[in-house]
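Reviewing the structure listed below.
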Amino acid sequence: MNIHAASTDSRVPPENNRLLRALLRQPVDATPVWAMRQAGRYLPEYRKVRERAGSFMQLCMTPELACEVTLQPLRRFRLDAAILFSDILTVPDAMGLGLRMNDGEGPQFERPLRTAADVGRLAVPDPEDRLRYVLDAVRLVRRELAGSAPLIGFAGSPWTLATYMVEGGSSKEYARVKGMMFQDAVTMHRLLDINARAVTMYLNAQIDAGAQAVMVFDTWGGVLTPRDYREFSLRYMRQVVAGLKRESDGRRVPVILFTKAGGSWLEDLAASGCDAVGVDWTTDMAEARKRVAGRVALQGNMDPSILYASPGRIRQEVQIILDSYGPGPGHVFNLGHGVHQQTDPDRLGIMVDAVHELSAKFHSPAGAAAPIQSG
Ligand code: CP3
């Protein structure tokens, strides 16, 4: 089934579907590009709205402001996707853990989970109720974008959410969450199952509200041993993927899984049922492409620190990554992790333009005009 027929009406601006096509490994005219944390503190216009909102959570919870900061990077750069402005920790907040985002300290939960009884009291939140502000923001962003770029929804992986819920915030050693994992695996599995069900419902609600692709951020899967990764992180991401709506409005909704520092498990990720796998800069793109063997698209993988380099060096690095992936569809250019706060915004613009310019030779100009087939 076609998910997109090229518009023949010259008054209607063409839809930008490069991202959705590439995630489904369909032909494109140029490699699509977006950046994790493309909305955020490196943009002066974000800092202004953030100040107006009063707090990070207030910004997330006010759909008009969340919509505004989602669109800010697309006004500056020729990005091929918008990512909803929100946070992975809104889900545990909706479960009653009480999220506070303190300047300079990172996230903190007022009521972290420390015992089996704490986990026993948890319930899967109804997204239409406790996370309605996110869904309202999704609807608003879709209306404002009007097809100029697709909107990506997202959630944290069950394991990554569990690290924050048990530690009570960011952590260096994961002593508490790993303590629970090793001493009381039953409770840990119970928590991960609740998180998986919460994330599935939340992402499905985002899809119903208009998210056109969804991404699961497994930021801390990479701190586990290969065996524990499969049992405590991958297994629950598979559960999420299996429960997601894969079509909405007659279009395929691609699912991206990203385990930071997960390069050694690419084959497992590719076999998880997702459409695309995010790759960080510690894995070579050519090697990643060989290992996933056409089963999924790949997203990544420039080191965000390259954005501190000269424009020439940034273009050179873009070229290296594009060459490494090579010709043909199935590549979404991105950073290997989020944009750093100290980044000069103009440098991100240089990266975005370089991707479009330097990737054209790997694609055919007719690529974008062909209808998209349902994956
Ligand atoms: O990518 C985007 O532009 C969309 C917005 C987005 C945010 N957080 C906004 C944000 C997304 C996709 C996230 C995901 C997220 N949040 C992850 C997974 C991705 C990753 O970075 O690994 C994680 C682990 C979190 C948890 C989180 N949120 C932390 C650890 C922090 C504090 C770190 C920091 O930079 O201060 C946040 C806060 C946060 N989330 C900010 C933004 C823009 C900064 C807070 C502010 O503006 O005051």
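The values are calculated or read from the model by the stated rules, or taken from the named source; none is laboratory data. Remember, it's a predicted structure, so these values are computed and weren't measured experimentally. We place every Cβ from the backbone using ideal geometry, glycine too, and count neighbours over all the protein chains shown. The protein model used for the area step is the full one, side chains on, heavy atoms only, and it has no ligands, DNA or RNA in it. Shrake-Rupley method; radii C 1.70, N 1.55, O 1.52, S 1.80 Å.
What to note about this one:
- Total residues in segment 103-115, condition within 9 Å of the ligand (Cβ to nearest atom) and over 19 Å from residue 174 (Cβ atoms): 2
Conditions (1) open to solvent by 30 Å² or more (accessible area, probe 1.4 Å); (2) in contact with a Pro (Cβ under 9 Å, 6 or more places away or on another chain), marked per residue:
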{"residue": "67", "(1), (2)": "no, no"}
{"residue": "84", "(1), (2)": "no, no"}
{"residue": "99", "(1), (2)": "no, yes"}
{"residue": "105", "(1), (2)": "yes, no"}
{"residue": "119", "(1), (2)": "no, no"}
{"residue": "126", "(1), (2)": "yes, no"}
{"residue": "136", "(1), (2)": "yes, yes"}
{"residue": "139", "(1), (2)": "yes, yes"}
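- Against the list (1) buried (at least 24 other Cβ atoms within 10 Å of the Cβ); (2) in contact with a helix residue (DSSP H, G or I) (Cβ under 6 Å, 6 or more places away or on another chain), the condition residue 278 fails is (2).
- The one condition in (1) within 8 Å of the ligand (Cβ to nearest atom); (2) crowded, with 23+ Cβ neighbours inside 10 Å that residue 22 fails to fulfil: (1)
To keep it simple, each residue is scored yes or no on (1) more than 16 Å from the chain's Cα centre (by Cα); (2) of a type outside the set (Asp, Glu).
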{"position": "214", "(1), (2)": "no, yes"}
{"position": "231", "(1), (2)": "yes, no"}
{"position": "235", "(1), (2)": "yes, yes"}
{"position": "240", "(1), (2)": "no, yes"}
{"position": "252", "(1), (2)": "yes, yes"}
{"position": "269", "(1), (2)": "no, yes"}
{"position": "279", "(1), (2)": "no, yes"}
{"position": "310", "(1), (2)": "yes, yes"}
{"position": "317", "(1), (2)": "yes, no"}
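- For residue 242: the one exception among (1) more than 16 Å from the ligand (Cβ to nearest atom); (2) touching a Pro at 6+ places or on another chain (Cβ under 9 Å); (3) more than 24 Å from residue 35 (Cα to Cα): (2)
- Some residue of segment 90-98 being more than 9 Å from the ligand (Cβ to nearest atom), farther than 30 Å from residue 119 by Cβ and either modelled with pLDDT of 95 or more or of a type outside the set (A, V, I, L, M) (or both): no
- Test result for residue 62, open to solvent by 10 Å² or more (accessible area, probe 1.4 Å), more than 15 Å from the ligand (Cβ to nearest atom) and at pLDDT 95 or above: no
- Annotation: residue 75 fulfils all but one of (1) without any contact (Cβ under 8 Å) to a residue 40 or more places away in the chain; (2) of a type outside the set (Ser, Thr, Tyr); (3) within 13 Å of the ligand (Cβ to nearest atom); the unmet one is (3).
- Subset tally (residues that are open to solvent by 30 Å² or more (accessible area, probe 1.4 Å) and more than 9 Å from the ligand (Cβ to nearest atom)) for segment 43-59: 7
- Within segment 210-235, the set of residues being within 16 Å of the ligand (Cβ to nearest atom), over 15 Å from residue 270 (Cα atoms) and assigned to a helix (DSSP H, G or I) comprises 221, 222, 223.
- Evaluated against (1) within 21 Å of the chain's Cα centre (by Cα); (2) more than 22 Å from residue 15 (Cβ to Cβ), residue 287 falls short on exactly one condition, (1).
- Segment 219-240 residues that are under 20 Å from residue 200 (Cβ atoms) and touching a residue at least 60 places away in the same chain (Cβ under 8 Å), paired with ones that are within 14 Å of the ligand (Cβ to nearest atom) and open to solvent by 10 Å² or more (accessible area, probe 1.4 Å) (beta carbon under 6 Å, 6 or more apart): 219/260
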